[in-house]
Amino acid sequence: MKVRRAVVTLSLIELIIAINLARLSNGELQVGFYRGKCGFADVEITVASVVTTWFLRDPTIVAALIRLQFHDCFVNGCDASIIDGCFSEKTAAPNLSLRGYDVIDDAKAAVDRVCPGVVPCADLIIIAARDAVFLSVGERYEVQTGRRDGLISLAQNVLIPGPSISVSQAIPFFVNKGLSPIDMVVLLGAHSVGVAHCSIIRDSLYNFRNTGMPDLTMEPFLADQLRFRCPPNTTTVDSTVNLDQNPFPFLDYYMQILSNRGILPIDQELAMHPLS
Ligand code: HEM
């Protein structure tokens, strides 16, 4: 459990640091950017109270907000371009199963009530993900703020690794963002929380790489459990399975994949990949 906590926290810190680097160079971002800019109102406390309300209702928002942050930051930096409407990044295939938009909408409404028009959604996504991680695992990290919302959000700009991508194919996506293969491994530790839809893992269970066979590297008992949850025939309901299928609470994501119990194809392959 302890290791898992560290993994999730580290993943986020890594993501934030890496994607903030470009912005840091011109000195825009800082911890506590809104201190003194909103009278007596404390922006971060306002966001925390919104996230807490959501978390108490639905603890799975932790995974939703972590993934939302990744998908926002990976395209043109952390500029809230994921939030926009028609034809925007939100409508691109890798983003269709993103969740957590309502949390950001509520946070925006709450901060605008106490400090109208000052705090952009770009910062709210970062603060909300941090608060959700804190509520979930009790570890808090500081975040830098002072971003501006982007002006461009186009589905065609979304270059995010797809669900069936291999490790070798995924590495260049991260390298292009200045992240090493090891950074990618750390970030993938975020798959310690949240869910995947059956539609995403069905090929691994029944027709791995068009062989007509399951992925035989997957631990057989887990594969049976997943097949029970995700039958071969697509139904109208696309059920979900937990990314954490760990029967032992002291084992983390990395131990899980080393035991051939990865859920997503990328996770299942990661443990066997030389990374070079
Ligand atoms: C090669 C890179 C990656 C691939 C191919 C990938 C792919 C996926 C897929 C296919 C899902 C399941 C989506 C669904 O069925 O709804 C998922 C879920 C998730 N991913 Fe990733 N991902 C990658 C990297 C990351 C990174 C870097 C993070 C965060 C730092 C992240 C965080 C998450 C989280 C938290 C979930 C669960 C979301 C939820 O419960 O709503 N992923 N990912």
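Which percent of Cα pairs goes in each bin when the distances of the chain are cut into 10 angstrom slices starting at zero?
So the P(r) values, bin by bin, are 6, 28, 36, 21, 7, 1, 0.
Quick one: Karplus J couplings for the stretch 133-146, per residue in order, coefficients 6.51, -1.76, 1.60, θ = phi - 60°, nearest Hz, x for Gly and Pro?
Coupling constants for the stretch 133-146: 4, 4, 5, 7, 10, x, 10, 10, 10, 6, 10, 8, 10, x Hz.
Rank these by accessible area, largest first, 1.4 Å probe: Phe174, Phe70.
Solvent-accessible surface, decreasing: Phe70, Phe174.
Within 14 Å, Cβ to Cβ, of Ser88, how many net charges do the neighbouring residues add up to if Lys/Arg are +1 and Asp/Glu are -1?
-4
Just to confirm a number: summing +1 for Lys and Arg and -1 for Asp and Glu over residues other than Ile152 whose beta-carbon lies under 15 angstrom from that of Ile152, what do you get?
Local net charge: -2.
Taking Rh as the Kirkwood radius computed over C-alpha pairs, what is the Stokes-Einstein D of the stretch 167-270 at 4 °C in a medium of viscosity 1.567 mPa s, expressed in µm² per second?
Translational diffusion coefficient: 90 µm²/s.
If you take the beta carbon distance between Cys38 and His197 as r and set R0 to 45 Å, what does 1/(1 + (r/R0)^6) give as a FRET efficiency, to the nearest 0.05?
The computed FRET efficiency comes out at 0.70.
Only helical DSSP H runs with n ≥ 4 go in: add -39500 (n - 2.57) per run for the chain, normalise by residue count and round the 222 nm mean residue ellipticity to 500 deg cm²/dmol.
-14500 deg cm²/dmol
Once label points are set 7 Å from the Cα along Cα→Cβ at both Val118 and Val237, what is their separation, rounded to one decimal in nm?
So the label points at Val118 and Val237 sit 4.6 nm apart.
Distance from the Cα centre of the stretch 71-117 to that of the stretch 34-50, in angstrom?
Going from one Cα centre to the other spans 19 Å.
For the stretch 222-276, state which chymotrypsin sites (Phe, Trp or Tyr not before Pro) are in a DSSP loop and have at most 13 other beta carbons lying within 10 Å of their beta carbon.
Listed in order of number, the matching sites are Phe250.
The values are calculated or read from the model by the stated rules, or taken from the named source; none is laboratory data. For clarity, every value in this text was computed on a predicted model and none was experimentally measured. Every residue, glycine as well, gets a Cβ built from its backbone with ideal geometry; the counts of neighbours run over all protein chains shown. Just so you know, the surface numbers come from the protein's heavy atoms only, side chains and all, with ligands and any DNA or RNA stripped out. Shrake-Rupley method; radii C 1.70, N 1.55, O 1.52, S 1.80 Å.
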